[in-house]
Amino acid sequence: MSTVNIPSPNGQPKIGVYVCHCGINIAGRVDVKETVAFAKTLPNVTVATEYKFMCSDPGQEMIQKDLRDGKIDRVVVASCSPLMHEPTFRRAMIAADANPFLFQMANIREHVSWVTLDKNAATEKAKALIAAAVKRIVLHRPLEKTRVPVTSDVLVVGGGIAGIHAALTLAEAGRKVYLVEKEPTIGGHMAKFDKTFPTLDCSACILTPKMSAVRAHPNIILWTYSEVAEVEGFVGNFKVKVKRKPRYIKEDLCVGCYECVEACVFKKGITKDEFNVGLSKRRPIYIPFPQATPLVAVIDPETCVQIKRNKCKKPCVDACERDAIDFDQKVEIKEIDVGAIILATGFKTFDASRISRYGYGKYPNIYTSLEVERMVNAAGPTGGEVHLQNGEKPKTVGIVHCVGSRDSKTNAYCSRVCCMYSLKLAHLIKERTEAEVYNFYIDMRTPGKGYEEFYEKLLKENVHFIRGRVAEISDWATIPEEEGKLVIRAEDTLIGAVRRIPVDMVVLSVGMEPHENVDEVRRLFNVSCSHEGWFLERHPKLAPVSTFTDGVFLAGACQGPKDIPDSVAQAGAAAAEALALIDRGYVELEPNTAYLQEEFCSGCKTCLGLCPYGAISFNDEKNISSVNGALCKGCGTCVAACPSGALQQNLFTDEQILHEIEGVISYV
Amino acid sequence: MSKPKVAFYWCASCGGCEEAVVDLGPDILKVVEAVDIVFWPVALDFKRSDVESMLDGELTVSFINGAVRSSEQHEMVELLRRKSGLVVAFGSCAHTGGIPGLANLFDRKAMFDEAYFNVPSVVNDEKTVPQEEYEAPEGTLTLPNLWNTVKTLDQVIPVDYYLPGCPPPVNLIAEAVSKILKGELPPRGAVLAPDIALCDECPRKETKPEKMSQKQFKRPHEIMIDPEQCLLAQGLLCLGPITRKGCGAACTTANMPCTGCMGPISNVIDYGMKALSAVASLADSNDEEEIEKILSKIVDPVGTFYRYSLPASLLHRYYQPAAQGGKQS
C-alpha cells in the first residue's frame, strides 16, 4: 500500500485548524477553547485558533494571512456543513494564492452542536472530527478545476407555453434554439383553454402571437411531431438525437390550406380529435386547429387507408396543388450539439375514471374540466355553447374540486390551478347558460396576484360554494326533484350536514399529473424525479430551475403543478440560467472526479454498467475501461465497485477515507 | 565461494506449499545446484539446533509458508528471521492468513469444543483436551500454546517479499529464486507476482459482455458451466477481477471460478471488503428487496470473500470484548 503523501514545499505539512463559534450555534454546545487546545496537540498542526464567525470577512482574512505568512499550507475549518460554506473558504484560499483543495471542513454544527444537548459529548465529537480532518488533509493533493468550452445552442423540449417562452427568450438573446415538440403543433394545454384566470384574457389571443413568433424567429428551429431519442455528453457539450416522425406532408411545401383535409375519402371525422380531448372527431389527414404552428397538415398512419392498406384513391394528393403529400416519408434522425437543455415537457390531466364513485364515463353529462374548456371555447367543438348530451342548456351545474388532488388515494399534493380554473369555469358557464353553479371545494386556494379578488367577484356573482369533499355522484333519486338528475352527495362542513344537490351537469376539476413516460424521459436526460414523478429541482428554494445534471434546466409544470404566470416566470428563469452558462463560454468541472490508474485495470468490466452519468466506456484498443472526467459527477459508484482499486476518486481516495476513519477512531 | 544457503519452513499450513516446491520438477535440480538447502523439515533431516547454531544472517533466504498461530511457530519464525538475510512469505497462508485464517471467526475455546467434544465422530467421555503442560513420570511434558488468533507472517516478523497463491505457482517460485540469486529484486515488501487482476490473463476475457450485472448468483454445481464464456457473466462468483494474476488462470482454464488465492493487487487495502463491494455492485436491480434476494444466494460470504485473507483484513478477526474473556492474540 503506497502512501500518496505529497509533502509541503518546505517538507512537513503545515496545517491550520480554525474552529468557528458560529455565534452560539456551535459555541453554545462545544467547548471551543478546549477543542482548539486539543487541535494544537495534533501532528502537523502549526496553527490552531478560533473565531466567532469564520465565514465572515475577518474570519477568512485570518486564514489568508496565515497562508501568506507561510505559517500554514493546508486548512481545516471546523464549522458548518461543507454544503454551506465550502465554496466560501475555497474562494478565500484562491484569493491567498493557495490551492483550494488543500482544504477540509469538519462539520461541528449540523453533525455536532445541533444534534445534542450534551456539552461534553459535543466537545468530544468535535475533537474527533477535527482529528479526522487533520489526519486526512495530510494526503490532500493540489487539484485543478478543468475548463471545457461550451456549445452555444440550446435545446428546449416541449412546446407548451413554458417551452415557447424559454425558446423565444433565448432566441431574442441571439442563441440558436432547437424547440422539439412531440405533437404536430406547439401550444400545449394553453392552446386548448378559452379564457385565462384571473383576468379572463382570451387564451388564444395571448398565446398565438407567441406561437407565430416561434415559427418566424430566425434563431428558432422548430421540430414538431418529434421526440428526443438520445442524449449523450455533458454540460456545455450535449450530443442529442431527435427523432422526427413522418407526418407524410412536406413541411416546407404545405401552407395549411385545408384542401387535402376536405378532399379525404372520409367525409367525416373517424377518430378521436386529440385537440378537442375527444369531444369531436377528426379525419386521418388533419390540421390540429386553425392556429396550429406550424400550420401544416399531418396524416395519422393508424387511420389513413393509403398508409395502412396501400389502396386509396388518394384524393388528398390530387387536391394538393403544391405536391406536399409524401407517403414515402420515413422517420428522420437529426443529430445536434447543444450546450444546455431546458425541459418543459408539461403535465397530463388526471384520469377522472380512476375515481369510480364520481361516475365519469358511466353517466352522461359528467365532464372533465379540460373538456369543458373546449366546450366554452368559441373555436371548440360546440362553438362555445355549453350544453348537455341532449343539446339542452344545463340549469344546474356542479363543479367538483380536487379530483385527483389532495387525496391520499390518488395524489396527495395540491394541483394549484384547479381552484382558480374552477372559479373561471363557474363564471364562464354562468355567463353562457345562466345556470345555477355549485362549487364543491375542500379549501379555496387563491394565493396569486389578483386571485383572491377573482374569488370575491365570483362570490358576488351568486355562484354557490359548498365546503366539503364530494362523496359520490350518482343518478339515484330519493325525491322527485332528483329524478333524471345527477345527484352530488357531499358533506357541507360549514353547516355540518350531508347535502344532496341535484344537477344537470357535473364538471370534475381534474388535477395535474406527470406524464406516463416520465421515467423514460428522466433517464433520457439523466434527471431525478420526486416520488410523485415531477422532475426534481436542484434546490427547492435556491436552485428551482436547475437539476442535479449540470446544463439541464426545468421550466413549467414538468417540475410540479403550476399556472401560466408561474410557468412563464420559470421558463424565463431557465432561459436566463442557460444563458448564464452559455455566455460564459466554458464550464468549470469540479475535480472530485474518478480517475483510472490504467496499469491496474484488468478490463474486468465490473464498472461498465454502473455509471449513472455514462462517463465510463470500454477502450477496445487497450482492452481496459476509460473514464470521461468531464462527464463524471464524482458519485464514487465505480470507485467502490472497482475490484482492483484501479478506479480512484480525487478527494476521496481509499487512503484519504481510511485516514479520516483512523483519525476518528484513534481519538475515540 | 560457498553456495547461498536456503531454508524452507512450514507453520499452519497443509503441505501444499511444499508440494509446490517439488512441483518445480527437474528445475529443482537447478535450484539445488545453485544453493544449499540447509533446513527443510518436510524433506530433510535437520533439526532446530542446526539452525540455532548458524550465524545471524547466514541464511540467504528463508521461504516460510503457513500462517502463524502457535508459540512454537512464533519461536521458529523469529529464529529464522534472525538467521536470514531475506524472509519470503510463501503462499496464501503466510501472505494473508489463508484457509487456517478462517479460524479467526471463532476463538480457541470454540475450536477446542468443536474438535474435542462436538464432532459426531468424537468419543471423549473424559472430556480430555490438550494440555500445554503435563506431569509425566519422565518429567514435565509440554505442547506449544495455540493462539486465539491466526496471524499472517508479517504480523509476527518483518517480511521482505511475498509469493502469493495456494500454493504459489511454480513459475513464480522459479522466477523468485532466480531473482534472489541474481540480486534483481524489486523494492522490499513487494509481492513477487504481476500487479494486475486475473481477468488480464484469463482466456475468457474476450467473452465479457458490456453489462456484467447479475439477477442471480450461482454455485458451480448448479449449472452446466460454459467452457468459454466469462464465468462471472454466467453468474458464478468468480473472484478473478479482484485477484492478482500470475497463476496462468489455472482455475478458470479448468472451468472453475477463481476463489482468490493470489490475494489482492497492491492498491487494494482489504481483499474481502473490495470483493464484497464489487460483487454487490453487480446485483442487477434497483429494488432493495430484490437486491437482498440476489445477494442472499451467496452462501457464506465471509468464507467466500475472505477465504484466504481474514487475518490480513482490516478487522483481523471477529471482535471479542475483553469483558467476555476475549483475547485478541
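Here, each number is a calculation from the coordinates, and none is a lab measurement. This one's a predicted model, so the numbers in the text were calculated from it and none came from an experiment. We place every Cβ from the backbone using ideal geometry, glycine too, and count neighbours over all the protein chains shown.
The mean number of partner chain beta-carbon atoms within 10 angstrom of a residue's beta-carbon across peptide A:633-646 is 6. Evaluating 6.51 cos²θ - 1.76 cosθ + 1.60 at θ = phi - 60° for every residue in the stretch B:53-59, the Karplus couplings come out as 7, 6, 6, 4, x, 5, 6 Hz, glycine and proline recorded as x. Of all DSSP bridge pairs formed entirely within the stretch A:371-503, close to 55 percent run antiparallel. Axis angle, to the nearest 10 degrees, between helix A:564-584 and the longest C-alpha principal axis of chain A: 40 degrees.
Across peptide B:201-214, the mean count of Cβ atoms from other chains lying within 10 Å of each residue's own Cβ comes to 3. In the protein assembly as shown, if every C-alpha pair distance is counted and binned at 20 Å from zero, what percent goes to each bin? Final binned percentages: 11, 28, 30, 20, 9, 2, 0. The label-point distance for B:Ser213 and A:Phe53, in a model that sets each label 7 Å from Cα toward Cβ, rounds to 4.7 nm. Between helix A:82-95 and chain A there is an angle of about 60 degrees, using the helix long axis and the longest principal axis of the Cα atoms.
The GluC sites (Glu not before Pro) of the stretch A:271-375 that DSSP puts in a loop, and whose beta carbon has at most 13 other beta carbons within 10 Å, are A:Glu302, A:Glu321.
Once backbone amide H atoms are built at 1.01 Å from N, A:Val156 has A:Tyr178, A:Leu179, A:Val180, A:Ile342 as its partners under 5 Å, excluding neighbours fewer than 5 places away on the same chain.
Within 10 Å of each residue's Cβ, count the other Cβ atoms and sort B:Asp154, B:Asp23 from fewest upward. Kindly include the intermediate steps, with their values, before the conclusion.
Working: B:Asp154 18, B:Asp23 15.
Ranked by crowding around the Cβ, least crowded first: B:Asp23, B:Asp154.
Computed from the Cβ-Cβ distance with R0 of 35 Å, the FRET efficiency linking B:Val22 to B:Asp300 stands at 0.65. With a Förster radius of 25 Å applied to the C-beta separation of A:Val305 and A:Lys272, the computed FRET efficiency comes to 0.90. Taking amide H as placed 1.01 Å from N in the peptide plane, A:Arg499 has its amide H under 5 Å from the amide H of A:Ala490, A:Glu491, A:Asp492, each at least 5 places away in sequence or on another chain.
Given +1 at the Cβ of Lys and Arg, -1 at the Cβ of Asp and Glu and no other charges, the dipole of the protein assembly as shown around its Cα centre is 2340 debye to the nearest 20. Couplings 3J(HN,Hα) for the stretch A:98-107, derived from phi with the Karplus relation 6.51 cos²θ - 1.76 cosθ + 1.60 (θ = phi - 60°), are 10, 6, x, 9, 8, 9, 9, 9, 10, 7 Hz, where x marks Gly and Pro. Tally the DSSP beta bridges in chain B and give the antiparallel ones as a percent, rounded to 5. Around 30 percent of the beta bridges assigned by DSSP in chain B are antiparallel ones. Once the Cβ-Cβ distance of B:Glu184 and A:Asn628 is raised to the sixth power relative to R0 = 41 Å, the FRET efficiency obtained is 0.55. When DSSP beta bridges are restricted to pairs lying wholly in the protein assembly as shown, around 45% turn out antiparallel. Cα centroid separation, the stretch B:159-189 to the stretch A:319-379: 73 Å. The trypsin sites (Lys or Arg not before Pro) of the stretch A:412-518 that DSSP puts in a loop, and whose beta carbon has at most 13 other beta carbons within 10 Å, are A:Lys449. Shown in residue order for the stretch A:111-121 are the 3J(HN,Hα) couplings computed by the Karplus curve 6.51 cos²θ - 1.76 cosθ + 1.60 at θ = phi - 60°: 8, 10, 5, 7, 10, 8, 9, 8, 5, 5, 4 Hz (x for Gly and Pro). Enclosing the Cα atoms of the stretch B:107-147 in their convex hull gives a volume equal to 80 cubic angstrom per residue.
Annotation: the residues A:Glu34, A:Glu491, B:Glu292, sorted from fewest to most other C-beta atoms within 10 Å of their own C-beta, follow the order B:Glu292, A:Glu34, A:Glu491. Report the residues of the stretch A:228-260 in range of a label on A:Asp326: point 7 Å along Cα→C-beta, backbone N strictly under 15 Å from it. Under 15 Å, as judged by backbone N against the label point of A:Asp326, lie A:244-255 of the stretch A:228-260. Ordered by the count of other Cβ atoms within 10 Å of each Cβ, fewest first, A:His464, B:His221, A:His189, A:His401 give B:His221, A:His464, A:His189, A:His401.
Can you classify the stretch A:10-99 as rounded, prolate or oblate using the Cα gyration tensor, where a ≥ b ≥ c are the square roots of its eigenvalues, rounded means a/c under 1.5, and otherwise it's prolate if a/b beats b/c and oblate if not?
oblate
Looking at the stretch A:578-668, the trypsin sites (Lys or Arg not before Pro) that sit in a DSSP loop and have at most 16 other Cβ atoms within 10 Å of their own Cβ are A:Lys622. Counting, for every residue in B:232-238, the Cβ atoms of other protein chains within 10 Å of its Cβ and taking the mean gives 1. Only helices enter the 222 nm calculation for the protein assembly as shown: every DSSP H run of n ≥ 4 contributes -39,500 (n - 2.57), and dividing by all residues gives -7500 deg cm²/dmol, rounded to 500.
Against the main long axis of the alpha-carbon atoms of chain A, helix A:418-433 sits at an angle near 10°.
For the pair the stretch B:88-102 and the stretch A:589-603, the centres of their Cα atoms are 31 angstrom apart. Under 19 Å from a label point set 7 Å out along the Cα-to-Cβ vector of B:Arg108, the amide N atoms of the stretch B:53-89 belong to B:67-78. Once you reduce the stretch A:29-86 and the stretch A:508-552 to the center of their Cα atoms, the two points are 40 Å from each other. Remark on A:Phe234: its backbone amide H falls under 5 Å from those of A:Lys239, a criterion applied only to residues 5 or more positions apart or on other chains, H modelled at 1.01 Å from N.
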